[in-house]
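Quick notes on the structure that follows.
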Amino acid sequence: MGEAAPRPKSNWAQMVSAAVGVIAILGVGYQVYSIRSNFNETAARQVYMSYSESVLKYPEFTEPDLASLKEDRIKYIQYKNFVSHMLFAYDEILTVYDTPEWRRSFEDDLKFHMPYLCNETGPELEAIYFKNVRQVLSDARRRCPPRTKEQ
């Protein structure tokens, strides 16, 4: 048994090969990030488009007469689901596009539903949404009038 041959010193080909490997790994990471980002944007747009279609299909829910809706059990259930759909749509949108324009759009839609949100739901509703929607809902709820004992 002889002595092991000394390890050759790194040469430029090995360094280039290592650099190419690192670049390839970074490229794959970027592609995964891009695919995920594109998927999230597409999903948010689809959910928002679904909400937009429901606005056209149920215009009576966009600026509701809550007292009238509560007289018809089915309509009231549909309305509650409409509001949930709106909140979910904005939850998806604000997770991907948290811009002042989208927040203004959300606040504009939300204002018509504040009697329901202030009087028929509690702050625990906010817990099911992501941070951006929770913040807008929390800010909006601060403007709710105090509840009376019969509420």
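The values are calculated or read from the model by the stated rules, or taken from the named source; none is laboratory data. In this text the structure is predicted, and so the values were computed from the model without any measurement. All Cβ positions, even for glycine, are placed from backbone atoms using ideal geometry, and neighbour counts span all protein chains on display. For accessibility, only protein heavy atoms count, side chains too; no ligands or nucleic acids. Shrake-Rupley method; radii C 1.70, N 1.55, O 1.52, S 1.80 Å.
Here is a yes/no grid of residues against (1) at pLDDT 95 or above; (2) under 21 Å from residue 50 (Cβ atoms):
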| residue | (1), (2) |
| --- | --- |
| 78 | yes, yes |
| 99 | no, yes |
| 118 | no, no |
| 122 | no, no |
| 125 | no, yes |
| 146 | no, no |
Any hit, segment 133-141, residues being assigned to a helix (DSSP H, G or I), surrounded by fewer than 14 Cβ atoms within 10 Å (Cβ to Cβ) and without any contact (Cβ under 8 Å) to a residue 40 or more places away in the chain: yes
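To keep it simple, each residue is scored yes or no on (1) buried (at least 16 other Cβ atoms within 10 Å of the Cβ); (2) aromatic (Phe, Trp, Tyr); (3) under 16 Å from the mean Cα position of the chain (by Cα).
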| residue | (1), (2), (3) |
| --- | --- |
| 81 | no, no, no |
| 84 | no, no, yes |
| 88 | yes, yes, yes |
| 91 | yes, no, yes |
| 101 | no, no, yes |
| 105 | no, no, yes |
| 111 | no, no, no |
| 118 | yes, no, no |
Meets criteria (open to solvent by 70 Å² or more (accessible area, probe 1.4 Å), modelled with pLDDT under 95 and either assigned to a helix (DSSP H, G or I) or in contact with a Pro (Cβ under 7 Å, 6 or more places away or on another chain) (or both)) for residue 95: yes
Matching residues in segment 122-132 - criterion: being surrounded by fewer than 16 Cβ atoms within 10 Å (Cβ to Cβ) and not aromatic (Phe, Trp, Tyr): 122, 123, 124, 127, 128, 131
Filter result for residue 147 (in contact (Cβ under 8 Å) with a residue 12 or more places away in the chain, among the basic types (Lys, Arg) and outside any loop (DSSP other than H, G, I, E, B)): no
Subset tally (residues that are aliphatic (A, V, I, L, M), closer than 19 Å to residue 117 by Cα and open to solvent by 70 Å² or more (accessible area, probe 1.4 Å)) for segment 45-79: 1
